[in-house]
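Below is one structure, written out as structure tokens; comments come after it.
The values are calculated or read from the model by the stated rules, or taken from the named source; none is laboratory data. As the structure is a prediction and not an experimental result, all values here were calculated from the model. No Cβ is skipped: glycine too gets one built from the backbone with ideal geometry, and neighbour counts run over all protein chains shown.
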Amino acid sequence: MKKIFLMCSLCALLFSACKGHSSHSSHDHEQEEQHDEHEEGSGKEHSDEIILPKVKADAAGVKVETLQPGSFNQVIKTSGQILTAQGDEMTVVATAAGIVSFKSSLTEGAPIGKGASVLTISSKNIVDGDPVQKAQVNYQIAKQEYERSKELLKSKIVSEKDFNLVKQNYETARISYQAVAKNHSANGQCVVAPMSGFVKSRFVSEGSYVSVGQPLISITQNRRLFLRAEVSEKYYSSLKTISSANFKTPYDDKVYRLANLNARLVSFGKASDESSLYIPVTFEFDNKGEVVPGAFVEVYLLSSPMSNVLSVPKTALTEESGLFFVYLQLDEEGYKKQEVKIGANNGKEVQIISGLKASDRVVTEGAYQVKLASASNAIPAHSHGH
């Protein structure tokens, strides 16, 4: 009987120990699962987050703007050319025949003042002789004949008709001599600039022979310029809605807004040229920047306005495999890559069709630096808190 009691007590003790151990193991396992679930959820929440410390972002020039809807224009993208405006360019021609000698190294783009000496044309050793000397001789002979006829007219020895003919020859010789002698020097005929500006082109070189009326150089003031855009016929119905334009130069990749250059729409063609399928649209504007006349440019014609449009600067976009992305700022150091679909592009800003909403904080400058940070990020999720 005693043995049976002892065995029952031992069994009860073993059962109690096993139950306690099972309960404890089950509790520990549940805690581990909950911990794993928390870690997994936390990792999922921040798996696409890019960490870029504020100090590094500031050093890299990262700038962020809060997105707000606004007005945006329909855009017709085409090509065009910068032309010199009428009245802002003059061509200097030779006033005598002879050999050209420049006063200085007058290169294209060099500034020049009105009345400044451009070059000298020497007629020495030319078969026809110095035109100034010839004009001077003709003038002196005509003057002597005029003075003599003037005295004879008083005595009625010379008729008034003959005197008028002599006077005409004298006046012609005087005008010719004064014209060529005005800028004459010991070195030859001096040619001066008719206006101030910049040398656009040189048509002759040092030592060249020129004849009277031959172009020597062209001078431009570059104060007003024309933008001539060539528009496809398919946009003809939209031409009357064009109000302004932006253009991008190939030599500095800079985009200029005509709205900031005191521009006006001069005209647009009513039909295309017989040899072309394009219709010209012409603007006139102030040359406040380093715009080179003659340059071919990309043109963004601004047409009908659209309201309540989300847009971002082109500097906010990055491209990968034909897809476009921006970077959103989540907090002071956290960023997120966001795919977007774009619409109209005016050269400076791009319309966002989908992928963003108002109040999103978008990286507008330094997006490439954030992209580099995303490639190098290997920071665990729990190392960054919110």
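In the set (1) crowded, with 16+ Cβ neighbours inside 10 Å; (2) at pLDDT below 90; (3) closer than 30 Å to GLN86 by Cβ, GLU298 fails one condition alone, (2). Scan the range 203-255 for residues that are within 30 Å of GLY98 (Cα to Cα), of a type in the set (Gly, Ala, Ser) and out of contact with any Lys or Arg (no Cβ under 8 Å at 6 or more places or on another chain) and the total you get is 5.
Among the residues of the range 213-259, the ones that are aromatic (Phe, Trp, Tyr) and assigned to a helix (DSSP H, G or I) come to 2 in all.
I'd like to check something: does the range 268-290 contain any residue that is assigned to a strand (DSSP E or B), in contact with a Ser or Thr (Cβ under 8 Å, 6 or more places away or on another chain) and of a type in the set (Asp, Glu)? Within the range 268-290 (the criterion being assigned to a strand (DSSP E or B), in contact with a Ser or Thr (Cβ under 8 Å, 6 or more places away or on another chain) and of a type in the set (Asp, Glu)), the answer is no, since none of the residues qualifies. Here is the figure for the range 240-250: residues that are more than 17 Å from GLU284 (Cβ to Cβ) and either of a type in the set (A, V, I, L, M, F, W, C) or free of Cβ contacts under 8 Å to residues at least 40 places away in the same chain (or both) total 1. When ASN222, ASN246 are screened for being crowded, with 18+ Cβ neighbours inside 10 Å, among the polar types (S, T, N, Q), out of contact with any Leu (no Cβ under 6 Å at 6 or more places or on another chain) and at pLDDT 90 or above, only ASN246 passes. Residues that are modelled with pLDDT under 85 and either more than 15 Å from MET195 (Cα to Cα) or in contact with a Pro (Cβ under 6 Å, 6 or more places away or on another chain) (or both) within the range 110-123 comprise SER122, SER123, listed in sequence order. One residue alone among VAL297, VAL255, VAL231 is closer than 24 Å to SER201 by Cα, touching a residue at least 40 places away in the same chain (Cβ under 8 Å) and of a type outside the set (Ser, Thr, Tyr), and that residue is VAL297. The residues of the range 316-327 that are surrounded by fewer than 19 Cβ atoms within 10 Å (Cβ to Cβ), out of contact with any Ser or Thr (no Cβ under 6 Å at 6 or more places or on another chain) and not in a loop (DSSP other than H, G, I, E, B), listed by number, are THR318, GLU319, GLU320, LEU323, PHE324. Evaluate the following for GLN86: is it surrounded by fewer than 16 Cβ atoms within 10 Å (Cβ to Cβ), without any contact (Cβ under 8 Å) to a residue 12 or more places away in the chain and closer than 30 Å to PHE283 by Cα? When the stated conditions are applied, GLN86 passes them.
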